[in-house]
Amino acid sequence: MHLRPFTPFALAACFLLLTGCSPNEPSSPPKTAGRPVLVIGLIPEQNIFKQLERYEPLARYVAGKTGTKIELKLLPRYGNIIDNFQSSGLDGAFFGSFTYSLAHAKLGVEVLARPMSLDNTSTYHGLIFVRKDSGIRNARGMKGKRFAFVDKATTAGYLLPLGYFHDNGIPDYKTYLKETYFAGTHEDVVYDVLNRKADVGAAKNTVYQRLAKADPRIPGELVVLTRSPDVPENGLAFRKDIDPSLRSRVRDALLSMDRDPDGKKVLEQFGAKRFIETTNADYAVVLKYVEDLHLNLANYDYKND
């Protein structure tokens, strides 16, 4: 498929078509009387076209194996998954680790499975990084600087920096730093620091490393100051009242992909070796972060300032 350049207005229109709603009037996708329709949300880990390119083959495969129709809904920011479960008829989503912890506490969603990467890891961790020529080497050097977060509903892009400042005796980062903002995606944070829009940034290692392989300026000009503990890779979770038999069919389709020739091809496109079963116990490290920071997931304000 050949893509023509997009104007800002055309891009916005394309996004609305992909998400299936207008900014002011979210609507639930129609449910057919025949094949069950599953509406799955995708968080903005990278730009919308890359997200579709990665997830559409997986959605087609699982739909074929389970006798369902799967519609992907691209969301403009991480916290929108919480809102859209309540307003736009989402049945499930691929959640980041902190977003899942929030959704489980607020909505009762339950995780099914997550991918194991080609390097045999099923986790990621957060990074805090700066330009090598910034002179910043620790928390003291960040005073009066500009910090780029991803979103208040991310582990790597927000929870890690909160923990980092807490551990370094900084109770209020807003007064310690000159300016903070939410870039929206991990990719944007990396490039904002690289291009000097921000002095310090936080993002997940898998995105950082993928970008570094494609752009030699990133390893050449940026340096990582610290990393978080490992947390579960983005996992698929469903709302609590989903049909149990449908939930089981989707889980079984994902967990058996690596034993099916067609499934292996889709996994290769997706960038994973296989899917593994995932439970709430896998998120204990995230909950430890939350506990140490005295956050209450049930009433946590996930909307960016």
Note to self: Filter region 163-193 down to the residues that are more than 26 Å from Leu287 (Cβ to Cβ), within 21 Å of the chain's Cα centre (by Cα) and part of a helix (DSSP H, G or I) and list them by number.
What the structure shows: Glu187, Asp188, Val190, Tyr191, Asp192, Val193
Next item on the list: With a cut-off of at least 3 residues that are farther than 30 Å from Glu179 by Cα and hydrophobic (A, V, I, L, M, F, W, C), name the helices (runs of 4 or more DSSP H) lying wholly within region 37-150.
Entry: 48-66
Notebook entry, point to check: When both residues are 6+ apart or on different chains and their Cβ atoms are under 6 Å apart, which pairs have a first residue that lies in region 249-263 and is under 22 Å from Val37 (Cβ atoms), and a second that is of a type in the set (D, E, K, R)?
Noted result: Ala253/Lys65
Checklist line | Selection within region 128-142 - of a type outside the set (D, E, K, R) and surrounded by 15 or more Cβ atoms within 10 Å (Cβ to Cβ) | finding: Ile128, Phe129, Val130, Ser134, Ile136, Ala139, Gly141, Met142
Check: Between residues in region 280-291 that are within 13 Å of Ala105 (Cα to Cα) and outside the structural domain of Ala103 (by TED's automatic domain parsing) and residues that are of a type in the set (Val, Ile, Thr) and in a helix (DSSP H, G or I), which pairs lie under 8 Å by C-beta distance while being six or more apart or on different chains?
Finding: none
Margin query: Could you tell me how many of the residues in region 212-224 are closer than 20 Å to Ile136 by Cβ and either of a type in the set (D, E, K, R) or part of a helix (DSSP H, G or I) (or both)?
Written below: 6
Item checked: Residue list for region 240-271, filter: within 28 Å of Leu107 (Cβ to Cβ) and either of a type in the set (A, V, I, L, M) or not assigned by TED's automatic domain parsing to the domain that holds Leu38 (or both) -> Ile242, Leu246, Val250, Ala253, Leu254, Leu255, Met257
Note to self: Here are the criteria: (1) within 20 Å of Asp91 (Cα to Cα); (2) outside any helix (DSSP H, G or I). Tell me which single one Leu254 does not satisfy.
What the structure shows: (2)
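The values are calculated or read from the model by the stated rules, or taken from the named source; none is laboratory data. Here the structure is a predicted model, which means the values were calculated and not measured. Using ideal geometry, Cβ is built from the backbone for each residue, glycine included, and neighbour counts are taken over all protein chains shown.
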